[in-house]
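The structure appears right after this line, and notes come after that.
The values are calculated or read from the model by the stated rules, or taken from the named source; none is laboratory data. In this text, all values refer to a predicted model and were calculated from it rather than measured experimentally. Glycine also receives a Cβ, built like all others from the backbone with ideal geometry; neighbour counts cover every protein chain displayed. All accessible areas refer to the heavy atoms of the entire protein, side chains included, with ligands and DNA or RNA removed. Shrake-Rupley method; radii C 1.70, N 1.55, O 1.52, S 1.80 Å.
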Amino acid sequence: QVELAESGGGSVQTGGSLRLSCVIEGYALSTGCVAWFRQAPEKERERVARVKSDGASLAYIDSVKGRFTISLDHAKNTMYLDMVNLKPRDTGVYYCAAANTIFCYTDADYVYWGQGTQVTVSS
């Protein structure tokens, strides 16, 4: 019943910006934990950003700090990832995901996934 759908990916040049959206249906967003992941070819999946649904706790991997911002719009049941100053290393398929616990300490806690949206950053 839980369904996530990403959108907003595309191709940009180095230094460009994109906003990814994820509509989340059938999930208790106000009490949950949600995140953005990405996976580049021949690379392992990375958890890029995470936010508790109350907005009080946010976390980012070091490589995107200062460039990416995760946010929630509860009224629209939507999670966003605002990305600026994009680099080629940001290229990959981006997925939104939701955990089955508010603790969400490990990647295994994320059990609901979207289909992914491609982000390509050229030099």
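Just one of the listed residues (LYS65, LYS76) is basic (Lys, Arg), open to solvent by 40 Å² or more (accessible area, probe 1.4 Å), more than 22 Å from GLN1 (Cα to Cα) and more than 12 Å from the chain's Cα centre (by Cα), and it is LYS65. Under the condition of being in a loop (DSSP other than H, G, I, E, B), open to solvent by 70 Å² or more (accessible area, probe 1.4 Å) and more than 24 Å from SER53 (Cβ to Cβ), the residues counted in region 86-123 number 1. Among the residues making up region 75-85, a single one is over 17 Å from GLY10 (Cβ atoms), among the hydrophobic types (A, V, I, L, M, F, W, C) and assigned to a strand (DSSP E or B): MET79. Pairs are defined by a Cβ separation below 6 Å, a sequence spacing of at least 6 or placement on different chains, a first member in region 3-21 that is of a type in the set (D, E, K, R), and a second member that is assigned to a loop (DSSP other than H, G, I, E, B) and surrounded by 15 or more Cβ atoms within 10 Å (Cβ to Cβ); the pairs so defined are GLU6/GLY114; ARG19/GLY8.
Of all residues in region 24-38, those that are more than 15 Å from GLY55 (Cβ to Cβ) and touching a residue at least 60 places away in the same chain (Cβ under 8 Å) have Cβ atoms under 6 Å from Cβ atoms of residues that are open to solvent by 40 Å² or more (accessible area, probe 1.4 Å) and hydroxyl-bearing (Ser, Thr, Tyr), 6 or more apart or on another chain, in PHE37/TYR95.
With respect to GLN1, is the statement that it is in contact with a Gly (Cβ under 9 Å, 6 or more places away or on another chain) and open to solvent by 60 Å² or more (accessible area, probe 1.4 Å) true?
yes
Taking region 4-36 as the search range and keeping residues that are in contact with a helix residue (DSSP H, G or I) (Cβ under 8 Å, 6 or more places away or on another chain) and part of a strand (DSSP E or B), which one is least open to solvent (accessible area, probe 1.4 Å)? That would be CYS33.
Determine whether THR31 is in contact with a strand residue (DSSP E or B) (Cβ under 7 Å, 6 or more places away or on another chain) and over 17 Å from ALA5 (Cα atoms). Here the answer is no, as THR31 does not meet what is asked.
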